[in-house]
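Here's the structure, in structure tokens; my notes come after.
The values are calculated or read from the model by the stated rules, or taken from the named source; none is laboratory data. Since this is a predicted model, take the numbers as computed values, not measurements. We place every Cβ from the backbone using ideal geometry, glycine too, and count neighbours over all the protein chains shown. Surface accessibility is based on the protein's heavy atoms, side chains included, excluding ligands, DNA and RNA. Shrake-Rupley method; radii C 1.70, N 1.55, O 1.52, S 1.80 Å.
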Amino acid sequence: MHQSTEKLCLVSRRVWLDPPGRYEPRAVLIEQGVIGELAPISAAAELGPEWRVVDLGERPLLPGLINTHVHLEFSASSRPLAEFEKEPVSERLLRAIGNARVLLESGVTTVRDCGSSLELLALVRRPDLHPVTLPRLVMSGPPITITRGHLHMMGGEADTIAEIDAVIQTGREHGARSLKLMGSGGGMTPGTLPESAAYPQFVFDHVAGHARRADLPSVVHVLAPESIRRGALARFDSLEHCAFFVRNDQGALERHFDPAIAGLVRDSGSRVMANLSTATRALERLRQDPSASPDASHQLQQFDLMIENFGRMLAMGIPFVCGTDAGVRDTPFSDTALELVWLERGGMSPVEALRAATLEAAAALHLDRQIGRIAPGYAADLLVFDDDPLERLDRFAAPVGVMARGAIVKASGPLAFSQDNPR
Ligand SMILES: [Zn+2]
């Protein structure tokens, strides 16, 4: 790894401290990739010659973002699953490294992969082999799914408790440290039923309980009311999508918000990953030219309903985490900032949207003592901006400096003295 070993002091008039959730002038001392003291700015002048002091002036310094839901092996093209099935694993591994690097350069210093082949876990088993610095990776490995269920081609098919335990054990032996259950079918996998729960309640309970005992983050894919209900009752750390899909008489999936089930989610302690921004660039094009797809009006109407339902759940006090499902159809790895933009459009304040990608996401990954804050003892995962990104959340897409575990991976301006692999 390109771990920085030098002593670095970053001085900024605007260091994001959360809690309390405001900028303060600070000298941030960094050693061995970890934040040490947060000193008054005047302390920088007293540091010994072994310290490199970088004055960022008014440039805001914020913690690196966390994206809790991506699929590194996917291509983000219009047909990612067809490519997944066609490509040998060696090619998918190369693709995944590139995708992880794109995430890092866009300011995402921690990434959870929510479903991959077993072979992709080489990324976390052999970090010494990475050709470039990558974000911190939390891998789920092959998601647990019923026979022929959602994303079964990743290798995690399991119908009985014994088969489920075997999938979990194999994943952990290969480096997985997140447990992902496919609690319903998925629109991406032909022949699966998004509107139905895939497993009985005791399976949801078993997987979430296993994760709790092993102190691993648990995550469940739930698209329909009954699967959301089971995921909440099992108290998964995060509930993905929560689409409330019901099949209508014409055979199409419609969102039917259920306030009673949403109440269960609120009371469960689970966080929700809403991926509002997934495929939104393609949807915006469709809004301009609805003739491009026969069901354009249905797609756009369901998107608007999703935003409306998000607002309802937000008003109920349900906590959300940032995730994008990057890699799936038309959802590039550079677009984590777009999720923050949509979280704000859906009703969050800019600070709440940032927390979904920092404090809340770190808690959902059981990493809240290591990442998500600028504080002593936390990883030096840091972003530098020319202008305040909290004034305009799309600015999160373009940090001028990115530091991961103390290594400078992207830099211009005052940080440009050192970079692990300049381009
Ligand atoms: Zn996904």
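Taking into account only those residues within the range 97-133 that are within 16 Å of the ligand (Cβ to nearest atom) and over 15 Å from the mean Cα position of the chain (by Cα), which is nearest to A407 (Cα to Cα)? Across the range 97-133, the extreme among qualifying residues is L120.
On the basis of being within 22 Å of L340 (Cα to Cα) and open to solvent by less than 10 Å² (accessible area, probe 1.4 Å), does L65 make the cut?
Yes, satisfied.
Return yes or no: is G187 open to solvent by 10 Å² or more (accessible area, probe 1.4 Å) and either of a type in the set (V, I, T) or within 29 Å of P225 (Cα to Cα) (or both)? Yes. Restricting to the range 200-225, name every residue that is part of a strand (DSSP E or B) and either away from the ligand (no atom under 16 Å from the Cβ) or at pLDDT below 95 (or both). The answer is none; no residue qualifies. Take G156 and decide whether it is outside the structural domain of V402 (by TED's automatic domain parsing), more than 30 Å from D394 (Cβ to Cβ) and touching a helix residue (DSSP H, G or I) at 6+ places or on another chain (Cβ under 7 Å). So G156 fits the description; yes. Residues that are open to solvent by 20 Å² or more (accessible area, probe 1.4 Å) and assigned to a loop (DSSP other than H, G, I, E, B) were ranked within the range 49-62; the one that is farthest from the ligand (Cβ to nearest atom) is P49. All of (1) in the same structural domain as K410 (by TED's automatic domain parsing); (2) farther than 22 Å from H71 by Cα; (3) part of a helix (DSSP H, G or I) hold for V351 with one exception: (1). For the range 261-272, check the following and say yes or no: at least one residue is modelled with pLDDT of 95 or more, open to solvent by less than 20 Å² (accessible area, probe 1.4 Å), assigned to a loop (DSSP other than H, G, I, E, B) and not aromatic (F, W, Y). Looking for residues that are modelled with pLDDT of 95 or more, open to solvent by less than 20 Å² (accessible area, probe 1.4 Å), assigned to a loop (DSSP other than H, G, I, E, B) and not aromatic (F, W, Y), one finds at least one in the range 261-272, hence yes. Of all residues in the range 26-43, none satisfies the criterion of being over 13 Å from M403 (Cα atoms), open to solvent by less than 10 Å² (accessible area, probe 1.4 Å) and not in a strand (DSSP E or B). Residues in the range 302-310: is at least one out of contact with any Pro (no Cβ under 6 Å at 6 or more places or on another chain), assigned to a loop (DSSP other than H, G, I, E, B) and open to solvent by 20 Å² or more (accessible area, probe 1.4 Å)? No, the conditions are met nowhere in the range 302-310. For the range 243-275, give me each residue that is closer than 15 Å to E360 by Cβ and either within 16 Å of the ligand (Cβ to nearest atom) or touching a His at 6+ places or on another chain (Cβ under 9 Å) (or both). Correct list: R271, V272, M273, A274, N275. Does any residue of the range 158-167 turn out to be touching an Asp or Glu at 6+ places or on another chain (Cβ under 8 Å) and either of a type in the set (G, A, S) or within 18 Å of V222 (Cα to Cα) (or both)? Checked the range 158-167: no residue is touching an Asp or Glu at 6+ places or on another chain (Cβ under 8 Å) and either of a type in the set (G, A, S) or within 18 Å of V222 (Cα to Cα) (or both). For the range 348-370, the criterion of being within 16 Å of the ligand (Cβ to nearest atom), among the charged types (D, E, K, R) and either touching a residue at least 12 places away in the same chain (Cβ under 8 Å) or more than 27 Å from S77 (Cβ to Cβ) (or both) is met by none of the residues. Restricting the range 64-79 to residues that are hydrophobic (A, V, I, L, M, F, W, C) and within 15 Å of the ligand (Cβ to nearest atom), the residue that is farthest from R281 (Cα to Cα) is L72.
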